[in-house]
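Student: Have a look at this one.
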Amino acid sequence: MVRASFYLSAYALWQTLSVFLSYLGFASTPPAIAGYPIINVPLGFQPDSVTPTAAEPTVKLAPGMPFGISFIGTAWSEYKLIGYAYAYEQATQNRLKRLAYEAAIPKTQLVDIIGK
């Protein structure tokens, strides 16, 4: 009975939330199974002192490797979800804090295309 009560409480909490944040590497699996929207935006970069992990099948950690934060919404919450993710990305500008190499710097921004 306690377990059922916990799950009902968790479900009730989920229904009141507009968005759920996760920085875990497996954040996309539960929403994909449930059919809920998810969007990932840049959160930061691994420090240069990080020791690279072996590729099994992919590298999980490496110096300067980017990682993100996931915004997960409920069914039909895409409009709010994109708004939250956009506001976070614009406020932090994390995507511009470190670039892998000179050629990765965009020469054209979206405003250059839309403004014409």
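Student: Consider A62 carefully, then state whether it is assigned to a loop (DSSP other than H, G, I, E, B), loosely packed, with under 11 Cβ neighbours inside 10 Å and aliphatic (A, V, I, L, M).
Tutor: No: the conditions fail for A62.
Student: Also, quick follow-up: Evaluate segment 3-19: report whether one residue or more is modelled with pLDDT of 55 or more and surrounded by 13 or more Cβ atoms within 10 Å (Cβ to Cβ).
Tutor: There is at least one residue in segment 3-19 that is modelled with pLDDT of 55 or more and surrounded by 13 or more Cβ atoms within 10 Å (Cβ to Cβ).
Student: For the structure I just gave you, tell me whether G44 is in contact (Cβ under 8 Å) with a residue 12 or more places away in the chain, surrounded by 16 or more Cβ atoms within 10 Å (Cβ to Cβ) and not in a loop (DSSP other than H, G, I, E, B).
Tutor: no
Student: Check A27 against each of (1) of a type outside the set (F, W, Y); (2) outside any helix (DSSP H, G or I); (3) at pLDDT 85 or above; (4) crowded, with 16+ Cβ neighbours inside 10 Å and name the one condition it does not meet.
Tutor: (3)
The values are calculated or read from the model by the stated rules, or taken from the named source; none is laboratory data. Every value quoted in this text rests on a predicted model; they were computed, and no experiment measured them. Neighbour counts are summed over all protein chains in view; Cβ atoms, including those assigned to glycine, are modelled from backbone coordinates with ideal geometry.
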